[in-house]
1. Which value, in debye to the nearest 20, describes the size of the charge dipole of the chain about its Cα centre when Lys and Arg Cβ atoms bear +1, Asp and Glu Cβ atoms bear -1, and nothing else is charged?
2. Need the full-extension length gain, residue 48 to residue 20, defined as separation in residues times 0.36 nm minus the C-alpha distance. One decimal, nm.
3. What does the accessible area per residue of the chain come to in Å², with a 1.4 Å probe and no ligands, DNA or RNA counted?
4. On the protein heavy atoms, probe 1.4 angstrom, tell me the percent of accessible surface of the chain carried by carbon and sulfur.
5. For residue 88 and residue 72 in one chain, what is 0.36 nm times their gap in residues minus the Cα-Cα distance, to one decimal in nm?
6. Restricting to Cα pairs below 8 Å that are 6+ residues apart, what does the relative contact order work out to for the chain? Please round to a whole percent.
7. Setting aside same-chain residues fewer than 8 positions from residue 88, which lysines have a Cα under 17 Å from its Cα?
Amino acid sequence: MITVTPKAAEQIKTMQREQSLAGKALRVYVDAGGCSGMEYGMAFDEKKPDDVIAVQDGVEVVVDPMSLNFLKGSTIDYMDSLQGTGFKINNPNVHSTCGCGRSFN
């Protein structure tokens, strides 16, 4: 399914604590949009009956079946560098991306 790096897991847990979101899972999804056709999204959300659920390093990640088709084998990492701070999805299924890294084909 999707792998969450230890650094990303720590950041997710920190965000859950700071925003009082205990019990909510991290939803990772793909939606139409962006300059390359498809766009990643992440939000804390309730689980839905058809979600695929994975637990890693104490973090629960949920993905809907349609998004899973695009995200299989992906890794979520957290970057904190001069080039920017935030989550990065490394997706082996991507053919091309735009400059922002959030949109793909």
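1. My answer is approximately 100 debye.
2. Additional length available on full extension: 8.0 nm.
3. On a per-residue basis, 57 Å².
4. 51
5. Answer, rounded to one decimal: 4.3 nm.
6. Rounded, it is 32 percent for the chain.
7. 7, 13, 72
The values are calculated or read from the model by the stated rules, or taken from the named source; none is laboratory data. These figures come from a predicted structure and were not determined experimentally. All Cβ positions, glycine included, derive from the backbone under ideal geometry; neighbour counts span all protein chains shown. Only protein heavy atoms, including side chains, enter the accessible area calculation; ligands, DNA and RNA are left aside. Shrake-Rupley method; radii C 1.70, N 1.55, O 1.52, S 1.80 Å.
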